[in-house]
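Following: one structure in structure tokens, then a few remarks.
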Amino acid sequence: MEGLAMLRQLIGQLQDLLHLYGSPPPPLPPSSPFHLLHLHQLPHPFYDHHRRWCFPNINETSAEDYYSLVMAAGKSGNCKMLEPFKPPPSKRSRKERNRGKLPGSTPASEVMDQEIWKEFPEDLFEAVIARLPIATFFRFRSVCCKWNSLLESQSFSHHCAEIPQANPWFYTITHENMNVGAMYDPSTKKWHHPTISFLPAKMIALPVASVGGLVCFLDIGHRNFYVCNPLTQSFKELPARSVKVWSRVAVGMTLNGNSTDEGYKILWVGCDGEYEVYDSVKNSWSRPGSMPSNIKLPLSLNFRSQAISIDSTLYFMQSDPEGIVSYNMVSGVWKQFIIPAPIHLSDHTLAECEGRIMLVGLLTKNAATCVCIWELQKMTLLWKEVDRMPNIWCLEFYGKHVRMSCLGNKGLFMLSLRSRQMNRLVTYNVMSREWMKVPGCVLPRGRKRQWIACGTAFHPCLTATA
């Protein structure tokens, strides 16, 4: 009876295997003692594509016959107790295979041979570093004096100029630390907090324009201008202006050529029509002329909207009459365009993407508020809506008094949306039409989320000098 129980267990395990795999075991040779137990096929009307396998009924035969069969099979080694079912090994994903490994660890066979790499060509070395992510600059610059001196190398500057321009970064000022900046890298979705020591102590300077990797600052008293590269700390305080204007001014910035090596220009303009242009090559301010008579004064400039630059032309938004005022930095020509704004619009600002003039603003009707994007039609000089924030995001604004600020308007927009109950930062990519939420800005070794006061977009460039 003990052999019969063993046989029943064996047949039960075989049935489990057939149930799991859906196919019969391989046929046994006639010489096998277990050949008498070979399964026979039975047709099944409902499963033509499967094979049904039946086992002989043990109860119909004497236990002694099967006992002798099992004992003979055991002696020959052809009949073995089946192990519990183990599923076949499945292919693991790369993430699972790498789980538990230290980041950046490499097998012993991949260790860089110092004898080989010390002969790495110098010109190729600069080309490799120029293609590293900008965020790695903060680490490799402190490796050695030689690496730090790359920033002054003319050949390294040429390599950097060959790299296609990536998405802009954002330089912002927070309410809690007005004299400390915070930079956001959208590619890594991380905030950086550089120590900018060039500004005078206790002076509040706000970022008002940027070009070629440089950011232009204006102190809160509208007296002094500063230009710097936030990545390298290259800094310059501009000479005093010849016109003493202490009221608010709009500021724009353009390049003389393809990079800051050829110089840059800065324009400020006031509501009374006064304006000046700074030329970095001459390191001086000049008054190219006066505002033409066909432009209505005073200019009702929208100071919430930063200027945009397309080629050598700057565009400023005005509210009365609604439209745009432009200035060509090469020809010195002013123009005014009357462009009615969309209805129910507030907190709107100019933006640009690959030569197209865009408009970003809040569209409010009844208690519903939504962020919308428009593009200026050059033939009709009318705004055409091209996108808007997803409705599920806009539901958060329902019934709230929401204010919006545009912190960056160069192809990738950063928008600050706030009310008494919330504070949100989002980015919008014009080309991919993608909305992304920005993680909160938290100072190093701090926990409190910072409120962004103002900011500007800039294209990070390691070789841009003020």
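Taking the stated definitions as given, is Ile324 at pLDDT 90 or above, among the β-branched types (Val, Ile, Thr), in contact with a Gly (Cβ under 7 Å, 6 or more places away or on another chain) and on the phi < 0 side of the Ramachandran plot? Against the criterion (at pLDDT 90 or above, among the β-branched types (Val, Ile, Thr), in contact with a Gly (Cβ under 7 Å, 6 or more places away or on another chain) and on the phi < 0 side of the Ramachandran plot), Ile324 does not qualify. Could you give me the residue pairs with C-beta distances under 7 Å whose first residue belongs to segment 342-366 and is touching a residue at least 12 places away in the same chain (Cβ under 8 Å), whose second residue is among the acidic types (Asp, Glu) and in a strand (DSSP E or B) wherever it lies, and which are 6+ apart or on separate chains? Here the result reads Arg356/Glu375; Met358/Glu352; Met358/Glu375; Gly361/Asp347; Leu362/Asp347, each pair linking segment 342-366 to a residue that is among the acidic types (Asp, Glu) and in a strand (DSSP E or B). Looking at Gly332, Gly323, which is the one that is part of a strand (DSSP E or B) and small (Gly, Ala, Ser)? Criteria check complete, one pass: Gly323. Considering segment 267-299, and only residues there that are over 15 Å from Met253 (Cα atoms) and of a type in the set (D, E, K, R), the residue that is modelled with the highest pLDDT turns out to be Lys282. The condition of being open to solvent by less than 20 Å² (accessible area, probe 1.4 Å) and over 30 Å from Ser149 (Cα atoms) holds for only one of Gly213, Gly289, Gly263, Gly252, that being Gly252.
Of the residues making up segment 368-395, those that are assigned to a helix (DSSP H, G or I) and open to solvent by 20 Å² or more (accessible area, probe 1.4 Å) are Asn391, Ile392, Trp393, Leu395. Just so you know, in segment 417-433 the residues that are touching a residue at least 24 places away in the same chain (Cβ under 8 Å) and among the hydroxyl-bearing types (Ser, Thr, Tyr) include one that is surrounded by the fewest Cβ atoms within 10 Å (Cβ to Cβ), and it is Thr427.
Looking across segment 335-349 at every residue that is in contact with a strand residue (DSSP E or B) (Cβ under 6 Å, 6 or more places away or on another chain) and over 19 Å from Ser419 (Cα atoms), the one that is surrounded by the most Cβ atoms within 10 Å (Cβ to Cβ) is identified as Ile339.
Conditions (1) surrounded by 15 or more Cβ atoms within 10 Å (Cβ to Cβ); (2) among the β-branched types (Val, Ile, Thr); (3) over 30 Å from Gly257 (Cα atoms), marked per residue:
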site	(1), (2), (3)
Ala307	yes, no, no
Thr313	yes, yes, no
Val333	no, yes, no
Ala351	yes, no, no
Ile357	yes, yes, no
Phe397	yes, no, yes
Asn409	yes, no, no
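Any residue in segment 439-461 that is touching a helix residue (DSSP H, G or I) at 6+ places or on another chain (Cβ under 8 Å), buried (at least 20 other Cβ atoms within 10 Å of the Cβ) and outside any strand (DSSP E or B)? Checking segment 439-461: at least one residue is touching a helix residue (DSSP H, G or I) at 6+ places or on another chain (Cβ under 8 Å), buried (at least 20 other Cβ atoms within 10 Å of the Cβ) and outside any strand (DSSP E or B).
Restricting attention to segment 121-142 and to residues that are at pLDDT 75 or above and open to solvent by 40 Å² or more (accessible area, probe 1.4 Å), the residue that is farthest from Ser157 (Cα to Cα) turns out to be Pro121. Within the set Met436, Met414, the sole residue that is open to solvent by 10 Å² or more (accessible area, probe 1.4 Å), modelled with pLDDT of 90 or more and in a strand (DSSP E or B) turns out to be Met436. Quick check on Asn302: is it at pLDDT below 90, closer than 24 Å to Thr254 by Cα and open to solvent by less than 50 Å² (accessible area, probe 1.4 Å)? Taking the combined requirement at face value, the residue satisfies it. Determine, yes or no, whether Val277 is closer than 20 Å to Val330 by Cα, in contact with a Lys or Arg (Cβ under 7 Å, 6 or more places away or on another chain), part of a strand (DSSP E or B) and hydrophobic (A, V, I, L, M, F, W, C). Here the answer is yes, as Val277 does meet what is asked. Out of curiosity, is Met404 of a type outside the set (D, E, K, R), assigned to a strand (DSSP E or B) and either without any contact (Cβ under 8 Å) to a residue 12 or more places away in the chain or open to solvent by 50 Å² or more (accessible area, probe 1.4 Å) (or both)? Considered against the rule, which asks whether it is of a type outside the set (D, E, K, R), assigned to a strand (DSSP E or B) and either without any contact (Cβ under 8 Å) to a residue 12 or more places away in the chain or open to solvent by 50 Å² or more (accessible area, probe 1.4 Å) (or both), Met404 comes out as no. Inside segment 340-365, residues that are assigned to a loop (DSSP other than H, G, I, E, B) and within 28 Å of the chain's Cα centre (by Cα) make up a count of 2.
The values are calculated or read from the model by the stated rules, or taken from the named source; none is laboratory data. Just so we're clear, the structure is a prediction, and the values are computed from it rather than from any experiment. Please note: Cβ atoms are built from the backbone with ideal geometry, for glycine as well, and neighbour counts cover all protein chains shown. Calculation scope for accessible area: heavy atoms of the full protein, side chains included, ligands and nucleic acids excluded. Shrake-Rupley method; radii C 1.70, N 1.55, O 1.52, S 1.80 Å.
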